[in-house]
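What follows is one structure encoded as structure tokens, with my remarks underneath.
The values are calculated or read from the model by the stated rules, or taken from the named source; none is laboratory data. Please read these numbers as outputs of a predicted model, since none were measured by experiment. We place every Cβ from the backbone using ideal geometry, glycine too, and count neighbours over all the protein chains shown. What goes into the accessible areas is simple: the full protein's heavy atoms, side chains included, and nothing from ligands, DNA or RNA. Shrake-Rupley method; radii C 1.70, N 1.55, O 1.52, S 1.80 Å.
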Amino acid sequence: MNPITAAVLSWYKQNARDLPWRQTKDPFKIWLSEIILQQTKVEQGMPYFHKFAQRFENIQQLANASEDEVLLLWQGLGYYSRARNMLACARKIVKDFDGIFPESVEDLRRLPGIGPYTAAAISSFAFQKSAPAVDGNFNRIISRIFGVKKSKNSSGFQSDIQRIADELIENAPPHIFNQAMMDFGSLVCKPRQALCNQCPVLEYCFAFKNNLVDELPVTPQKKALRNRYFHFGILKLRNQIILSKREEKDIWKNLYQLPLIETSEEQNLNFSPMQFANILNFSSISLIKTSIEIIHKLSHQKIIARFYHFEINDLQQAIVEEKTELYGNVNNYLVTDIEAIKNFAMPQLVKDYLIECGLID
Ligand code: SF4
């Protein structure tokens, strides 16, 4: 066994984190945890893992769920395409594999939402296949120890890391090696302020010897966030309110929100909230108040949002009419009781505002 691997494994014996999905070899639970933990910290993901594992005992149960239910359970975790892919993946496993998880990295890679890392994680944790689960921890640890100086987005970086990872995992129990690298990357060889003085592989480490710990891995410059201007209308009459479903290919696809008008930077200066009357075909609405500007940052976008509170005068009559008559060509709106809002999966930005202004708990 490679001496670096041996040192990391012996560190792991003393320092392993106790995570609920490590007690199982059930590929369903392992897959669930891996999808939830993509782009999410363990502390934030843990309650969601328990919520999903309690609601769905196996892949069949999940495959039978509606997308609305899955999105509602996922609400607040962000990157909602993970939830939609998770459901698509469950349905494909039931349809094409009789509900039995495939074991090989190659078969797993063909499933929705399963990339090289997740495929290796499932294959090694559930089936003990010798597949290094190369994630950000692997990239960081290996580039520091072995002095990989290529930029993370350059061609060749990932294949260099993969080649070294393949060597390191040889003759090691694969599931333990992968878990050990994850914990070692989270607890010792951390992105910032790595704990080199407590490191079991310090004597092998190129970055430590060359004072390059904070320089490796070489990270490409981040792209500037794209600004988007969202105007949300809170259109209500007594205990009823209008929601809309985001059906376009964009952030928050298939989540519910308040009726929205998006403007460009230039249009934003001249935006008139009375436009809500036009898009929803209301003859009379009255603006009661406007929120302050709320900034909501996503990974590549900055949402600059305002909420406009309206009283509407003809909703009661309108809701008894056909939806198409009510909204003309716009058919993704719906009217609901305010207390039923909690049954709809919503972007956190909208949900937080509705809580803040007292419309929901
Ligand atoms: S010496 Fe520091 S940089 Fe090198 S592997 Fe250990 S913790 Fe990471």
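Largest GNM mean-square fluctuation among TRP21, TRP252, TRP11, using the chain with Cα springs under 10 Å: TRP11.
Its Cα gyration tensor gives segment 94-172 an equivalent ellipsoid. The semi-axes, each the square root of 5 times an eigenvalue, are 27, 14, 8 Å from largest down. Averaged per residue, segment 3-209 has 46 square angstrom of accessible surface, using a 1.4 angstrom probe with ligands and nucleic acids left out. Restricting the GluC sites (Glu not before Pro) of segment 183-292 to loop positions (DSSP other than H, G, I, E, B) with no more than 12 neighbouring Cβ atoms within 10 Å leaves GLU247, GLU248. Of the residues ILE241, ILE161, ILE295, the one that moves most in a GNM of the chain with alpha-carbon contacts below 10 Å is ILE295.
The local environment of LYS129, defined by Cβ-Cβ distances under 15 Å, has a net charge of -4 under the rule Lys, Arg +1 and Asp, Glu -1. Within a Cβ distance under 9 Å of CYS189, other residues only, what is the Lys/Arg minus Asp/Glu net charge? Around CYS189, the charge tally is +3. Tell me the net charge near THR118. Cut-off is 13 Å between Cβ atoms, THR118 excluded, with +1 for each Lys or Arg and -1 for each Asp or Glu. Every neighbour counted, the sum reads 0. Among ALA207, ALA65, ALA224, the residue with the largest mean-square fluctuation in a Gaussian network model of the chain, with springs joining Cα atoms closer than 10 Å, is ALA224. For the chain, which span is the longest to avoid every loop-located (per DSSP) member of trypsin sites (Lys or Arg not before Pro) having at most 13 other Cβ atoms inside 10 Å? For trypsin sites (Lys or Arg not before Pro) (loop position, at most 13 other Cβ atoms within 10 Å), the longest site-free span of the chain is 250-361. Here the Debye sum runs over all C-alpha atoms of segment 226-356 as equal scatterers in vacuum, and log10 of I(q)/I(0) at q = 0.10, 0.16 Å⁻¹ comes out as -0.30, -0.82. Residue order by solvent-accessible surface for ASP135, ASP18, ASP96 is ASP18, ASP96, ASP135, largest first, with ligands and nucleic acids left out and a 1.4 Å probe.
Both numbers refer to the Cα atoms of the chain; Rg and Dmax are 24.7, 77 Å.
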